[in-house]
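J.: A single structure is presented below for examination.
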Amino acid sequence: MKYTKTTFVFTSEFGARLRQLRKRRNLSLRDLALLMDRHQPGSFNLLAKLERGDLKHPSINLLVDFLRACGAKVKDVADLLDVYLSQSPVLTQKGDAAVAELLKSLPKFEQRAMLRWEKATAEKREEKAAAQPEKKKPRVETDRQRVFRVIWSFIHANWNELFEQKLYETMRGLKNEVPRSERKYACNHARRFFGILTRYYKNEKRRQGALARVERRAKEDGFSEQTIAALLKAATDAHLELKQSGRLDWQPTEEEIIKQRGHAPKVEKAETRLEMDEIAPGVEYNKALAQVGMAALLAVDLRLDELKLDWYYVKRHYYAWIDRLIPIADEHGTDSQEWQAEVDATAPKMHDPALARETAAIVAKTFNQWKVKLPPKPAAG
């Protein structure tokens, strides 16, 4: 058998443990050789080399016979074996070293973060394979494949940047046809189309068959033929543009990996961008309303400072009340019954009811001055 640098080596520490086990039985090397039924010339020297650790790759038969002759058990040397067995497989160690070499130019923090991500990805791949024993188990990854995974994350982000833009534009056109609850599933079908188009197939018929299977699955999910055609067109257009621009063959340079600190650029998904488009008016309105609330608080704060009121016992209660008054003013107005009911219910509970009503009046005046600057209120739902 051919031995390599990574093959297990019988160390001098292991040999010293065997010597201890032999002396525990008060056996000489010659006596041990006789107990092992090794009468051949040179057996004595072979056992001496074994104990010195000079025999780097002894046979399992020799080790087991040695332990048996000494009256020892495997547990007597198990701790030494555990040190070796607790290490990762050789191929895994090679992969770790190759990935570390790729990322060595990064700062230490980013190196550790990327190595954790890469290790977690490899473990997740193994767990997924173990959870589905009926499926064909994926091949063991080589060190080159693990390095390519890091590079592939950049390639995938580069491709997805264009594809997600195309998909976003398509989904905006299908906004009325595809319900909000179904957007994610529609986008996932488009991503399957794109994955098939960017994958290498020796036979073009296999690619067409894979696309047809995705189409059938989309129909089973209730999407119309027009919707499916639009999703396929988005994927096809993105693939064609990548091909024409040469981005299908793009690979990140070491400078680009360092610039991104080892993390591939994050690409926003199409459905997420659609959600952000819908909530953007509400976010802007809430920001403007918060500014109105701050203006009202400052106006009230000036009045409270004139009276030199204590913050802990008085001011904080007025501030909390303003936070309740502003939404009521926004929803119902300062002349509404709801506003008056809130003032009538809360003012008597404050330390000075007259000051509380004056505070409510300051808030109402400030709100009415600022409400003209509020953007249009977004529709509910």
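The values are calculated or read from the model by the stated rules, or taken from the named source; none is laboratory data. All figures in this text were calculated on a predicted structure; none of them were measured in a lab.
J.: Among the residues of segment 29-52, how many are among the charged types (D, E, K, R), part of a helix (DSSP H, G or I) and under 60 Å from the mean Cα position of the chain (by Cα)? Reasoning before the result, please.
T.: First, the residues of segment 29-52 that are among the charged types (D, E, K, R): 30-31, 37-38, 49, 51-52.
Next, from what is left, pick out any that are part of a helix (DSSP H, G or I): 30-31, 49, 51-52.
Retained after the next criterion (residues that are under 60 Å from the mean Cα position of the chain (by Cα)): 49, 51-52.
Residues in segment 29-52 being among the charged types (D, E, K, R), part of a helix (DSSP H, G or I) and under 60 Å from the mean Cα position of the chain (by Cα): 3 in total.
J.: Would you point out the residue of segment 166-197, among those that are modelled with pLDDT of 90 or more and polar (S, T, N, Q), that is farthest from Ala212 (Cα to Cα)?
T.: Result: Thr170.
J.: Taking only segment 298-343 into account, find how many residues are more than 44 Å from the chain's Cα centre (by Cα), assigned to a helix (DSSP H, G or I) and under 21 Å from Pro376 (Cα atoms).
T.: Start the filter on segment 298-343 by keeping residues that are more than 44 Å from the chain's Cα centre (by Cα), which leaves 299-315, 318, 332-343.
After this cut, where a residue has to be assigned to a helix (DSSP H, G or I) as well, the list is 299-306, 311-315, 318, 332, 337-343.
With under 21 Å from Pro376 (Cα atoms) added as a condition, the list becomes 332.
Looking only at that region, the number is 1.
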